[in-house]
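One structure is given here, and the rest of the page talks about it.
None of the figures in this text is laboratory data; all of them are computed from the coordinates on show. As the structure is a prediction and not an experimental result, all values here were calculated from the model. Positions of Cβ are backbone-derived with ideal geometry, glycine not excepted, and every protein chain shown enters the neighbour counts.
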Ligand code: SF4
């Protein structure tokens, strides 16, 4: 029998039709929508005079531009309010399940999907948001789509896609102390560049990946898009099943056993061929941070920013432009640089495990004077757990400001903006120019590193604070 | 939605050699709050085009009257980052019908094809030639021929052919979109959905 990869198994079983010399007609099991990329899709449906084909396969939540304070009140920003109201109206009209502001499962779409147990192994999942790749952590094919495709899924539950190439990235060995899954992915992207996986779908494998919790796996899959990949996935295993068991939408009773039996078949056959493979050693990975304006511009916290040596033409110009934006010099160390803001949140690192890590680190300590520290849970559920576990108290005593769930300063569509010229060390996934507000300077790092920065006020290797 | 048909486009071009231009630069998130698909062109490259007071930045290419045209020649890895189709809407709304680069981000390229902006991938060498020719003479014309899958620098006659899959090509030439195709096969989709 032909040896196939996990990706092939799921992809091939969702192809409704192969278009000759064209893309595949690809069936979508679950579709998530939010307020920003869906309104025009609904508008176009109306113009065409058609409805939503399978409303129960779509789930909605407003997350991108919602305020993170006073969520029980009317949204002040007129345009944001209009988008949220449109989402409500469309969900009502077409019978789509909505997790609205203030309800028990409101939150960032990529945080609530897994929490509700909607995200399951073997599924195809799309959303008009590139970080849909997060759901790949469960052994699903999940990727971001544009608004035209949102419209296609609403109208037909299918999109037209050419099958991407396959890449496997294996990380073997044990992670060192103070090294997290965020460091793994920042390390990988720094090695293969922000465009290095364009055209590919990535499977993450190896003992270092298998040892990770679901939350940590989601962090890795989340950032697949930051190296250009369409998405990333990890074969489901006991960790996956244990996470899912008992969740609202997870299979129950007899169905559970059947589902697990199927999920266990979802893995790459030994000897299956990938178009490209990378191997990394977990022992080489240390706490990472970005110094530039794309996620591929990452270094170990203890290292120096590279020099422009060896770069030419537009490569060199882009590198220098990026450093100029950040206010850094080629070749200088980042450690010790003063920071103004820290942000813990987003669909990359806004889950309970991340908040636990930060709380554990700052327990009994105080944030530095020069730091404004925001912590924004990825969902109401995370927020609730953080309260119940006493984490909120610890964080507030350390001087962190807790906000309500949403995307917040990850993309600064709401009021949570980093002022121009200020430095933010952030657990989110993008350090593009202006991502966290016009002129904001973002450095991406793990929740642990962010906690260390909050306490010292400067770029710090978390392991050095541990040791004291 | 159906869009303008694309066959042969002959025009001057705007050069933007910067690499890794991400979708947050093409259209910053704070301009994504509309519930309709109009007016995005005004905010195309907003933070590179205007300063915080809203005054045009002289050194940015879109503010330089020397350059114009429906073709944008862009640096490597254009359109990385977000899936926001608003980035393509902004390009389209501003007046671009074709983007040329030696490398495109995936979702961006898909989005282009879905709304009728033709992404043309050329070799890095050809991209450099285009940049040099436009810089030497901003009035230099480029011809993008979709039926022949060919891009030509008209001043010298140098050309390259480019890839596009047959299905997408015929969609672009006819101004069709995927939904038209999918709606025509609803029975097949329904049967498939029922089996899941
Ligand atoms: S948290 Fe950030 S990356 Fe995640 S969905 Fe929201 S805006 Fe996108």
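Against the empirical 2.2 N^0.38 Å (N residues), the range A:386-468 has a Cα radius of gyration ratio of 1.16. Counting pairwise Cα distances across the range A:62-191, what percent come out greater than 26 angstrom? Here the tail beyond 26 Å accounts for 37 percent of pairs. For the range A:389-412 versus the range A:200-252, the spacing of their alpha-carbon centroids is 25 Å.
Antiparallel beta bridges, as assigned by DSSP with both residues in the protein assembly as shown, represent about 35 percent of the total such bridges. If you take the alpha carbon atoms of the range A:1-115 and fit the smallest convex hull around them, that volume is 152 Å³ per residue. Reducing the range A:317-351 and the range A:1-63 to their Cα centroids gives an inter-centroid distance of 36 Å.
Under the rule of -39500 (n - 2.57) per DSSP H run of 4 or more residues, summed and divided by the residues of the protein assembly as shown, what mean residue ellipticity at 222 nm is obtained, to the nearest 500 deg cm²/dmol? If you can, show how the numbers build up before the last one.
Working: 25 runs with 220 residues, N = 664.
Computed ellipticity for the protein assembly as shown at 222 nm equals -9500 deg cm²/dmol.
Sorting the segments A:137-143, A:329-335, A:147-153 by their mean number of nearby beta carbons within 10 angstrom, highest to lowest, gives A:137-143, A:147-153, A:329-335. Other chains' Cβ within 10 Å of A:429-437 residues: what's the mean? For peptide A:429-437, the averaged partner shielding equals 5. With contacts taken as Cα pairs under 8 Å at a separation of at least 6 residues, the range A:32-171 carries a relative contact order of 28 percent.
Please compute, for peptide B:21-31, the average count of beta-carbon atoms on other protein chains lying within 10 Å of each residue's beta-carbon. Kindly include the intermediate steps, with their values, before the conclusion.
On the way: counts 3, 10, 3, 9, 5, 0, 0, 9, 14, 10, 2.
Neighbouring Cβ atoms belonging to other protein chains average 6 per residue here.
What nm distance separates the two modelled labels at residue A:78 and residue A:262, each placed 7 Å from Cα along Cα→Cβ? Simple spin-label model gives 4.9 nm for this pair. Taking all C-alpha pairs of the range B:91-138, those more than 16 Å from each other amount to 46 percent.
Would you give the gap between the C-alpha center of the range B:104-138 and the C-alpha center of the range B:1-43, rounded to a whole Å? Each part reduced to its Cα centre gives a spacing of 13 Å. Within the range B:8-194, DSSP assigns beta bridges of which about 50% are antiparallel (rounded to the nearest 5). A Förster distance of 25 Å, applied to the separation of the beta-carbon atoms of residue A:325 and residue B:64, puts the FRET efficiency at 0.75.
Distance distribution note for the range A:1-53: the fraction of Cα pairs above 17 angstrom is 61%.
Using R0 = 51 Å, the C-beta based FRET efficiency linking residue A:388 and residue B:36 works out to 0.75. Helix B:106-115 axis versus longest C-alpha principal axis of chain B: approximately 80°, rounded to the nearest ten.
Report, in cubic angstrom per residue, the convex hull volume of the C-alpha atoms of the range A:311-464. Working shown, then result.
Values: hull volume 16.3 nm³, N = 154.
Each residue corresponds to 106 Å³ of Cα convex hull volume.
Could you give me D for the range B:8-194, from Stokes-Einstein at 37 °C and 0.692 mPa s, where the hydrodynamic radius is the Kirkwood radius over C-alpha pairs? Units µm² s⁻¹, please.
Numbers: Rh = 17.4 Å.
This corresponds to a translational diffusion coefficient of 189 µm²/s.
As an exercise, use a Förster radius of 51 Å and the Cβ-Cβ distance of residue A:363 and residue A:237 to find the FRET efficiency, rounded to the nearest 0.05. Once rounded, the FRET efficiency stands at 0.95. Kirkwood-type hydrodynamic radius, the range A:297-377: 15.4 Å, calculated from all non-identical alpha-carbon pairs. Diffusion coefficient of the range B:88-184 by Stokes-Einstein, Kirkwood radius over Cα pairs, 4 °C, 1.567 mPa s: 90 µm²/s.
Take residue A:278, project a point 7 Å from its Cα along the Cβ direction, then tell me which residues of the range A:330-360 have their backbone nitrogen under 20 Å from it. Residues A:348-349 qualify, since their backbone N sits under 20 Å from the label point.
Please arrange A:256, A:11 by how many other C-beta atoms lie within 10 Å of their C-beta, fewest to most.
Numbers: A:256 15, A:11 20.
Exposure proxy ranking, most exposed first: A:256, A:11.
For the protein assembly as shown, the alpha-carbon radius of gyration amounts to 0.91 times the rule-of-thumb value 2.2 N^0.38 Å expected for a compact globular protein.
Where does the Debye-calculated log10 I(q)/I(0) of the range A:217-275 sit at q = 0.20, 0.23, 0.24, 0.27 Å⁻¹, using only Cα point scatterers of equal weight, no solvent? Taken in order of the listed q values, log10 I(q)/I(0) reads -0.91, -1.02, -1.04, -1.11. Quick note on the range A:131-235: its Rg to Rh ratio, both from C-alpha atoms and Rh being the Kirkwood radius, is 1.01. Taking other C-beta atoms within 10 Å as the exposure proxy, A:318, A:346, A:181 rank A:318, A:346, A:181 from fewest upward. With the biggest extent put first, the Cα atoms of the range A:174-330 measure 61, 33, 28 Å across the principal axes.
With Cα atoms as the point set, the range B:61-135 shows a radius of gyration and Dmax of 12.1, 32 Å. Counts of other chain beta carbons within 10 angstrom of each beta carbon in peptide A:19-29 average 4.
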